[in-house]
Amino acid sequence: MKVRKVTRWLACCSAAVLFAGCTVPRAAAQATHRTTLLLDGQWDVEDSVAADAMPKVYTHKAPVPGLAHSAVPAFPNVDQYQSRELLSNLVNQGRYSKADYEKLGDARGISHQKRNYFWYRKVFDAPAKDAVAILKVNKAQFGTVAYLNGVLIGEHDPCFTAAYFDVTRAIHWGARNELVIRIGAHPGVLPKDVSAGTDFEKNRWTPGIYDDVSLMVMDNPVIATVQVAPQLASSSILVQTVLHNYSDRAISTKVQQQVMEWKSRAVRSGDVETEVDVPAGESKTVLQTVPIPHAHLWSPEDPFLYQVATKTGGDDTVTRFGMRKFRFDTVTQRAYLNGKPYFLRGSNITLHRFFEDPQSGTLPWNEKWLHRLLVTIPKQMHWNAFRFCIGPVPDRWLEIADENGLLIQNEFMVWTGHPDWHTGYHDRYNTKEMITEYSEWMRDNWNHPSVAIWDATNESWLPQFSSVIIPAVRHLDLSNRPWEDSYNTPAGPDDPVEDHQYLLYGTAMDDPGSADAAKHPAFQMTDLESMMGPAPSAPTSKTGHAMILNEYGWLWLNRDGTPTLLTQKLYPRLLGDRNTTENRFALQAYLLGGETEFWRAYRRYAGVLEFVYLTASDPKGFTSDNFQNVQTLQLEPHFEKAMEEAFNPLGVYLNFWQPTLNTGEERDFTIAMVNDEDRARSGTLRLVYTDAEGKEAEAGEAPFALEPLGAQSYLIPPKAPAAAGKYSLQALATPDDDRGHPTVSRRDVILQLSISKK
């Protein structure tokens, strides 16, 4: 069968609104008029080289949602693809020939597999006849082409947004149906203008239908989209409903809205109704204000959720939301949640890199695994935020974030880099295409209270995003979330800027013992003592805008303790002949914990997010995550202990990194404290020397008192012990209301005999 080009299904609505489908999470009750059939589960799968080679026989099974590498029996060489961005990076590192790279021409990259496409087949029974049937493929890569009962329905090229297809003309009502979906086996099959994701550090590109597939059946007028924008000042919501009439006659209907609490289903508003006429074959947008008296606000500490039921004469749907307002302020350079300053603490997840990890399997869709990843561990680590880095996640991830209280910096998969970084790589972004893709991406995510920041790009110096693309789509979000566009000039007056503080980068670039290493002394944590001075300083930014520190460290280790490609030279320089697995893990945690304490204590940033909590672990990889075992989600123990302390809302930073002191030495130690909570904290601050056996040797103490969201520095002058040896110098802050759980900042110190005692 010859495939002809079918444009994306946009005829019924503008690119800005498209089709919402049922926005209620799976656990919620189904609507009265709309029937939604979830088509997830095991699908038949086969591959092909040609685009028109629909299989006659399927010999494999694969999960939906999931990835092709989980097929049974397994396909050989799945995801074996090297992108143009990766190859340009390898050229710079001397690991790939520049001449071979130049032979690529305009190709996206090089495929190392004997296939271009995967075909997914599902047989299902359709419900009884109704007016309209819409197929939703929530996310698939690379590109989606849909056939129902042998009829070509349409195609949707973007990899990170939902595809909607009107299948009314092809469906067999009340009978058996065969659905076939073709996806690309690698990015090379996509049109050049379509974003397949840019990542200079991704070795493999794994295809799959990685989010839900569903069929929605309803009568006219169809509810195409619902957007809920909280209005905290008036304790109400603004609801924008887009209707589409598929019939050949005009329809008059009422659009009804009613708000309920999500868990209890208690009704919180009376019906709000608006009469509307929808012409034949056209769309109509309806704006309604729905009061919610004494609305319960959403926050990470109290993730309270509502849902609004939207009804017409022929369709209804339920949309979940939270009453919250998140913004940045350029004057104060702070983030604000529900009108109060709020400090982000967390980490990063690069899910699309994790897809290439042999350990990933079906884990990203395992509910128990997800709950530990996004709920149990973040609560233990005192995290309230994540950056979903270079690639949107399945909807279920955001549903969990909504339900359990996480603020998400939601980043699209665009990494332009700097022209000087990568040999021969030239940015290729079609402005019109990116406006379409960003519009769809916003539509898919704008009702999630967890989505706090639209993140257009990673480490980008390509101004078209801030100057053209973001301004073209920003108005679509009625909640007016802030946009972050990495290193470009912020698109809005109160948009934030990302900062990546890789203090150890220079140290990692030189071979140990080389002339270059001699010229470039290794970064020492003692440098932190002079970077800010003894007291917390005011926030500073080159742009004047609020800053988010969403990457720092350059200390990556694979799960087996071996350095990554980017840290192979670092650990020999830092550890010398002590460069063992145990010492590497211990040093990584020690330095990451110290940097975290430092960046939080000096309040330069509105948010501090470590890089990286979840990604692939690969001997040929550039970065790695912090897990000892990713299948059980067991964190590396040194990291777990250090970072749990470093991210405590009651933060403590001992501003001391000198490796040696003299026995009996008397000096003042500066201890900076922060309070990230909206309540005053007070207690006792102790500075303690403990010996190698953990026994307390010398100590000093002082009371501390911190205002809500406040910061304060203290001086404590304990005398160093008289005995030489290894010690742990610990600053312990024990609040009056929780004496059993002090926050601890630790420094390793060697006491040497003073000259006078030698």
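Any read-out appearing in this document is the output of simple, stated calculations on the displayed coordinates, not a laboratory observation. Computed from a predicted model, the values in this text were never measured in an experiment. Ideal geometry is used to build each Cβ from the backbone, glycine not excepted, and the neighbour counts take in all protein chains shown.
Before moving on, here are some points about what is shown:
- Using a simple spin-label model with pseudo-atoms 7 Å out from Cα toward Cβ, Asp737 and Ser235 lie 2.5 nm apart.
- Where Rh is the Kirkwood radius over Cα pairs, Rg/Rh for segment 598-690: 1.05
- Volume per residue of the C-alpha convex hull in segment 689-758, rounded to whole Å³: 106 Å³
- In this calculation the C-beta distance from Asp427 to Lys254 is compared with R0 = 60 Å, giving a FRET efficiency of 0.75.
- Spherically averaged projected area of the convex hull of Cα atoms, segment 343-647: 16.2 nm².
- Here is the list for segment 618-672: GluC sites (Glu not before Pro) lying in DSSP coil, each with at most 15 other C-beta atoms within 10 angstrom of its C-beta, are Glu665.
- Chain lengthening between His172 and Asp271 when straightened (0.36 nm per residue, less Cα-Cα): 32.0 nm
- Two-decimal log10 I(q)/I(0) for segment 35-218, as the Debye equation yields it once each C-alpha is a single scatterer, q = 0.08, 0.15, 0.17 Å⁻¹: -0.28, -0.84, -1.03
- Dmax and Rg, reported as Rg then Dmax, of segment 536-644 (C-alpha, Å): 15.0, 45
- Note on Ser754 and Lys726: the model spin-label points, each 7 Å out from Cα along the C-beta direction, lie 2.5 nm apart.
- Only helices enter this figure: runs of n ≥ 4 DSSP H residues, each worth -39500 (n - 2.57), summed and divided by the residues of the chain, yield -3500 deg cm²/dmol at 222 nm to the nearest 500.
- Candidates per trypsin sites (Lys or Arg not before Pro) in segment 232-263, loop by DSSP, up to 10 other Cβ within 10 Å: Arg249
- The residue list Ala724, His422, Gln231 was ranked by how far each Cα lies along the charge dipole of the chain toward its positive end, using unit charges on Cβ atoms, and His422 comes out on top.
- In the calculated pair-distance distribution of segment 553-593, the portion above 15 angstrom amounts to 26 percent of the Cα-Cα pairs.
- With the highest mean first, a sort of the peptides 447-454, 72-79 on other beta-carbon atoms found within 10 angstrom per residue produces 447-454, 72-79.
- C-alpha center-to-center spacing [segment 31-57, segment 575-619] in angstrom: 44 Å
- At an R0 of 51 angstrom, the distance between the Cβ atoms of Ala74 and Glu707 translates into a FRET efficiency of 0.30.
- The alpha carbons of segment 222-321 occupy a box of 50, 23, 21 Å along the principal axes, longest dimension given first.
- Between Lys340 and Leu104, the simple label model (points 7 Å from Cα in the Cβ direction) yields a spacing of 5.0 nm.
- Whole-angstrom Cα spans of the chain along principal axes, big to small: 99, 65, 43
- The length gained by stretching the chain between Lys719 and Thr489 to full extension, at 0.36 nm per residue less their Cα-Cα distance, is 77.8 nm.
- If R0 is 22 Å, the Cβ-Cβ spacing of Arg578 and Glu693 corresponds to a FRET efficiency of close to 0.55.
- Three semi-axes describe the equivalent ellipsoid of segment 134-185; taken as square roots of 5 times the Cα gyration tensor eigenvalues and ordered largest first, they are 21, 11, 8 Å.
- Length released on extending from Asp668 to Met531, taking residue separation times 0.36 nm less the Cα-Cα span: 47.5 nm
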